[in-house]
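Each remark here refers to the structure printed beneath this line.
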Ligand SMILES: *Cc1c(COP(=O)(O)O)cnc(C)c1O
């Protein structure tokens, strides 16, 4: 196994397979063992004394600073994120968001939050962060002029997400990040949808890229974790704050995340292909008014996605043509191959009725892009997994019949 420098030049599959597999951590086996450890033992008092002077990655100190299982996962994620100096792990995606915000923000600061951000990010702004004297302001990420004028002297952080949660709008992340930098603010991207293989956030000008590893990296719906990666200065600040907050992840979960990571590229490729097939099918159905799938030509945001992204995933939404909320729910209940659930990124397909009306302040969804009133826009989010897409399409077809029955 070569050094990381060689891996960074390799193609995606090769990088995903090799990342983080340092000989000093794996020993004679393929994967780093699960190091369950609170206490690290020192050879003698001189070694104990020496450790107090060092706080670096890859050094034993105490359980909260992790052990080779967690270090290997951090190292792998850093290798996969061009421009990253390091990666901090958090016990969930939401914990990654709060960990990053509690690093970057101080009382009196203003935080700009993309109006289509993940709902818990919104409520973190209006709840936790507001309680600590930070002022959240929401902006429409598709309206550059409004975004620019939302800045003030106290604006310290901008939280971006692309595509937007539930409604899947694709904003111009490089432009928004560049504007934030010009204004002296730090840009943070929730990159859970695309991950580093689909969108190289730091390379595109974002300052901090975070992800819910719960989703694609875990990949099997059996763990919760988050990460944040950044260049040298911000990485050091994030790491220090995480240590102050006592943020840890278990070595068992880190080992599971590493296992999930090794198939990330093949799963995402397959899910993207299958999602496109399902999205294309839906776009041709008379029951469907709009498919909100950035990978699908003609879908909102497709051109920006094509310009900036190198991959997609199985998650997208669609809007019924008319009907009622109960007909939409009948459709979801009639699906046999799709589970009903919030999280996604696992190998199995999911469906979720969505209604973003209460989750938007500034975005056009309440009016409806297609001119229909919000009361008549009944939508579903699908997470396409690794089942055969033709079986999924047949399942959707029979559920559409149930939608029509009401
Ligand atoms: C799921 C998700 C999160 C939160 O991740 P958890 O691990 O569930 O806390 C954050 N951002 C986005 C976009 C997500 O989809």
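None of the figures in this text is laboratory data; all of them are computed from the coordinates on show. On a predicted model such as this, the values are computed, not experimentally measured, just so you know. No Cβ is skipped: glycine too gets one built from the backbone with ideal geometry, and neighbour counts run over all protein chains shown.
A few remarks follow.
- The packing ranking of peptides 177-188, 233-244, highest mean first, is 177-188, 233-244, where packing means the average number of other beta carbon atoms within 10 angstrom of each residue.
- Calculated FRET efficiency for the pair residue 347/residue 43, C-beta based, R₀ 45 Å, to 0.05: 0.50
- In range of the label at residue 233: residues from the range 176-191 whose backbone nitrogen is under 20 Å from the point 7 Å along Cα→Cβ: 176-189
- Inter-label distance, nm, simple model (7 Å from Cα along the C-beta direction), residue 266/residue 405: 3.9
- Rg/Rg_globular for the range 179-305, with Rg_globular taken as 2.2 N^0.38 Å and Rg from C-alpha atoms: 1.28
- Added length on full extension, which subtracts the Cα-Cα distance from 0.36 nm per residue, residue 146 to residue 24: 38.8 nm
- Normalised by the number of residues in the chain, the average gap of Cα pairs under 8 Å and 6 or more apart makes the relative contact order 16 percent.
- In Å, descending, principal axis extents of the Cα set of the range 242-286: 54, 23, 12
- Using alpha-carbon coordinates, inclination of helix 325-334 to the longest axis of the chain, degrees: 70
- With Cα atoms, 0 to 90° folded angle of helix 93-104 axis to the chain main axis: 60
- Estimated translational D of the range 154-197 in µm²/s (Stokes, Kirkwood radius over Cα pairs; 20 °C; 1.002 mPa s): 195
- Residue 252-residue 12 FRET efficiency (beta carbon distance; Förster radius 25 Å; 0.05 resolution): 0.35
- Normalised Debye scattering of the range 133-222 at q = 0.11, 0.23 Å⁻¹ gives log10 I(q)/I(0) of -0.32, -1.18, counting only Cα atoms as equal scatterers and leaving out solvent.
- Packing-based order for 331-342, 254-265, 137-148, using average beta carbon neighbours within 10 Å, highest first: 254-265, 137-148, 331-342
- Spatial offset of the range 316-342 relative to the range 120-134 amounts to 32 Å, using the alpha carbon center of each.
- Cα long-axis angle, helix 251-261 against the chain (0 to 90 degrees, to the nearest 10): 50
- Under the simplified labelling scheme, the residue 336-residue 321 pair shows an inter-label distance of 2.7 nm, with each label point 7 Å from Cα along Cα→Cβ.
- Two-site label geometry, residue 59 and residue 203: point separation in nm, points 7 Å out along Cα→Cβ: 3.2
- Gyration tensor (alpha-carbon) shape descriptor, the range 264-404, a/c threshold 1.5: oblate
- Where both bridge residues fall in the chain, DSSP classifies roughly 55% of the beta bridges as antiparallel.
- Förster-model FRET efficiency, 30 Å R0, residue 128 and residue 394, C-beta, rounded to 0.05: 0.10
- For the range 264-404: relative contact order, % (alpha-carbon pairs under 8 angstrom, 6 or more apart): 29
- For the range 1-132: rounded, prolate or oblate by the Cα gyration tensor [a/c cutoff 1.5]: oblate
- Most mobile listed residue (190, 308, 57) in the chain, GNM with C-alpha springs under 10 Å: 57
- Note on the chain: Kirkwood hydrodynamic radius from all Cα pairs is 22.1 Å, rounded to one decimal.
- For peptides 23-35, 382-394, sequence by mean Cβ density within 10 Å, most packed first: 382-394, 23-35
- Normalising the average separation of contacting C-alpha pairs (under 8 angstrom, six or more residues apart) by the number of residues puts the relative contact order of the range 190-349 at 27 percent.
- Extension gain from residue 280 to residue 153, taking 0.36 nm per residue of separation minus the Cα-Cα distance: 41.1 nm
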